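Visitor: Take this structure, written in structure tokens, and hold onto it; I'll ask about it next.
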Amino acid sequence: MALLESANISPNTIMPSFYLSDPWQKKYSLDDVMGEKGLIIYFTCNHCPYAIGIWDRSIKLATKFKPQGVNTIAINPNIHPHYPEDSVDAMKTKIKTDAITFPYLVDETQNIAKAYKAQCTPDIYVLRADKTLFYHGRLDDNWQNEAAVSSHDLNNAVTNLVENKEVTNTQFPSMGCSIKWQA
């Protein structure tokens, strides 16, 4: 497991559109999943301990912000034969077991992860409704223990988005396992 941090991407960058499928082949575009106020995107997977450590919190935040006009999606770029825990079938199981209420999409070619300059799982982005980057950073300051969190970075950023304010907190990079790039 190679620990990486998310890349530095300039705020207000227009982020690429995409067209990806969920594990049951239902197709989604960026326009389909965009909320009235914006969108939270997690590049994530099933096997990485850093990703596993924040899945429950990610689901809670999605539930909290959906009524406020911010939708959520997860994108799995780790469809790789050496990581069967991240396979399409394993994604189906995770969606059901964890009661994931937002689209968990397959980036089989890894083209979307590359277009977003995603580096690790999880790599977290918040987009405004106009598809510009609002926030790119960590969920909070303790991926291992939710009870020990003292800085709710993503929650604070999305709250500011909903309230039409700029990000007021420092954007610390997300960190996690490297994306398992195909040769």
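Visitor: If you take the residues in segment 4-22 that are over 20 Å from residue 161 (Cβ atoms) and touching a strand residue (DSSP E or B) at 6+ places or on another chain (Cβ under 6 Å), which one is surrounded by the fewest Cβ atoms within 10 Å (Cβ to Cβ)?
Guide: If we take residues in segment 4-22 being over 20 Å from residue 161 (Cβ atoms) and touching a strand residue (DSSP E or B) at 6+ places or on another chain (Cβ under 6 Å), then 19 is surrounded by the fewest Cβ atoms within 10 Å (Cβ to Cβ).
Visitor: If you don't mind, there's one more thing I want to ask. Condition check: closer than 11 Å to residue 104 by Cβ, open to solvent by 10 Å² or more (accessible area, probe 1.4 Å) and either more than 11 Å from the chain's Cα centre (by Cα) or of a type outside the set (A, V, I, L, M) (or both). Does residue 46 satisfy that?
Guide: Yes: the conditions hold for residue 46.
Visitor: Now for a different question. Looking at (1) open to solvent by less than 40 Å² (accessible area, probe 1.4 Å); (2) assigned to a helix (DSSP H, G or I); (3) under 29 Å from residue 167 (Cα atoms); (4) of a type in the set (A, V, I, L, M), find the lone condition where residue 52 falls short.
Guide: Going through the list (1) open to solvent by less than 40 Å² (accessible area, probe 1.4 Å); (2) assigned to a helix (DSSP H, G or I); (3) under 29 Å from residue 167 (Cα atoms); (4) of a type in the set (A, V, I, L, M), residue 52 breaks only (1).
Visitor: What are the pairs, 6+ residues apart or on separate chains, where a residue within segment 12-39 that is within 12 Å of residue 103 (Cα to Cα) has its Cβ under 9 Å from a residue that is of a type in the set (Gly, Ala, Ser) and loosely packed, with under 13 Cβ neighbours inside 10 Å?
Guide: Taking only residues 6 or more apart or on different chains, the pairs are 20/29; 29/17; 30/17.
Visitor: Checking residue 1 against (1) modelled with pLDDT under 95; (2) closer than 30 Å to residue 130 by Cβ; (3) over 13 Å from the mean Cα position of the chain (by Cα), only one condition comes out false. Which one?
Guide: Of the numbered conditions (1) modelled with pLDDT under 95; (2) closer than 30 Å to residue 130 by Cβ; (3) over 13 Å from the mean Cα position of the chain (by Cα), the odd one out for residue 1 is (2).
Visitor: Could we say that residue 79 is modelled with pLDDT under 95 and either hydrophobic (A, V, I, L, M, F, W, C) or part of a helix (DSSP H, G or I) (or both) here? If you could, list the steps in order and put the result at the bottom.
Guide: Working: modelled with pLDDT under 95: yes; either hydrophobic (A, V, I, L, M, F, W, C) or part of a helix (DSSP H, G or I) (or both): yes.
Considered against the rule, which asks whether it is modelled with pLDDT under 95 and either hydrophobic (A, V, I, L, M, F, W, C) or part of a helix (DSSP H, G or I) (or both), residue 79 comes out as yes.
Visitor: Still on this structure, I have one more. For segment 126-148, which positions are small (Gly, Ala, Ser) and either open to solvent by less than 60 Å² (accessible area, probe 1.4 Å) or in contact with a Gly (Cβ under 9 Å, 6 or more places away or on another chain) (or both)?
Guide: Taking segment 126-148 first, the residues small (Gly, Ala, Ser) are 129, 137, 147-148.
Those that are small (Gly, Ala, Ser) and either open to solvent by less than 60 Å² (accessible area, probe 1.4 Å) or in contact with a Gly (Cβ under 9 Å, 6 or more places away or on another chain) (or both): 129, 137, 148.
The values are calculated or read from the model by the stated rules, or taken from the named source; none is laboratory data. Given the structure is predicted, the values throughout are model-derived calculations rather than measurements. Please note: Cβ atoms are built from the backbone with ideal geometry, for glycine as well, and neighbour counts cover all protein chains shown. Calculation scope for accessible area: heavy atoms of the full protein, side chains included, ligands and nucleic acids excluded. Shrake-Rupley method; radii C 1.70, N 1.55, O 1.52, S 1.80 Å.
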